[in-house]
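> Before I ask anything, let me first share the structure, which is written out below as structure tokens.
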Amino acid sequence: MYDLIGTYLANNRYRVVSFIGEGGMAQVYKVWDEQRACYLAMKMMRSDLAMDRVVLRRFHREAETLSRLQHPSIVRFYGMEQDGERVFLLMEYIDGISLAKEIFQTAAPFSEERILTYLRPVCSALHYAHQNGVVHCDIKSANIMIERQGRVCITDFGIARLAESTT
């Protein structure tokens, strides 16, 4: 997983800076975008899954879902790329920690005011997503990021579903 650090992808546009974490389908890296001149988060499909059409379709669905959603509390999506057999999504890099880590690091229970500070933007983002026919399906503290400046942002729409009129 760390062997990508320092390498360039997609015609030398993205330089892999550091490893952030991983899930069942993908590894997430911090990358420097040479064109935009900013850091992005790159969610790269695991190489052993890149040849699986079902998993690849799911990855494409996440890209389509994110491209439909533009909300201040939903991670901004920049595109899906392929570099040889490597397939990856590019998203806004959130400089902060997950709500899960914030909860773990805090010794005392959160005050009601602090809970509402996190809950309001999450509810607003979910309401917006639902209005646009998207159900996240995996809301948990690990998928909620808190920027250093305090902005709260939902990530990981990997198993989101498009709501249908019959559901």
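> Just want the answer: with Cβ charges of +1 for Lys and Arg and -1 for Asp and Glu, which residue in Ser111, Ala37, Gly23 is farthest toward the dipole's positive end in the chain?
Toward the positive end, the furthest listed residue is Ser111.
> Kindly express, to the nearest 10 degrees and within the range 0 to 90, the angle between helix 112-131's C-alpha long axis and the longest C-alpha principal axis of the chain.
60
> Let me spell out the model: positive unit charges on the Cβ of Lys and Arg, negative unit charges on the Cβ of Asp and Glu, origin at the Cα centre of the chain. What dipole size does that give, in debye rounded to 20?
Roughly 180 debye for the chain.
> At a Cα cut-off below 17 Å, give the lysines reachable from Lys140, other chains included and same-chain residues fewer than 8 away excluded.
Lys101
> If you don't mind, there's one more thing I want to ask. For a quick check of your reading of the filter: which trypsin sites (Lys or Arg not before Pro) in segment 1-55 sit in a DSSP loop and have no more than 14 other Cβ atoms within 10 Å?
Details: sites: Arg13, Arg15, Lys30, Arg36, Lys43, Arg46, Arg53; in loops: Arg13, Arg36, Arg46.
In loop regions of segment 1-55 (DSSP not H, G, I, E or B), the sparsely surrounded trypsin sites (Lys or Arg not before Pro) are Arg36.
> Next up: Under 14 Å from the Cβ of Gly150, count the other residues' Cβ atoms, weight Lys and Arg +1, Asp and Glu -1, and hand me the total. The partial results should precede the final answer.
On the way: positive: Arg114, Arg120, Arg148, Arg151; negative: Asp95, Glu102, Glu113, Glu147.
Spelling it out: positives minus negatives among the neighbours equals 0.
> For every other residue with a beta carbon closer than 10 angstrom to the beta carbon of Met80, add +1 if it is Lys or Arg and -1 if Asp or Glu, then tell me the sum. Walk me through the numbers before you get to the answer.
Working: positive: Lys43; negative: Glu62, Glu64, Glu81.
Cβ neighbours under 10 Å give a net charge of -2.
> For every other residue with a beta carbon closer than 11 angstrom to the beta carbon of Phe59, add +1 if it is Lys or Arg and -1 if Asp or Glu, then tell me the sum. If you can, show how the numbers build up before the last one.
Details: positive: Lys43, Arg46, Arg53, Arg57, Arg58, Arg61; negative: Asp52, Glu62, Glu64.
Cβ neighbours under 11 Å give a net charge of +3.
> Separate question: So if we plug the beta-carbon distance of Ile103 and Tyr8 into 1/(1 + (r/R0)^6) with R0 = 45 Å, what FRET efficiency do we get, rounded to 0.05? Walk me through the numbers before you get to the answer.
Working: r = 37 Å, r/R0 = 0.81.
Step by step, r from the Cβ atoms, then E = 0.80.
Just so you know, all these numbers are worked out from the coordinates, no wet-lab data involved. Computed from a predicted model, the values in this text were never measured in an experiment. All Cβ positions, even for glycine, are placed from backbone atoms using ideal geometry, and neighbour counts span all protein chains on display.
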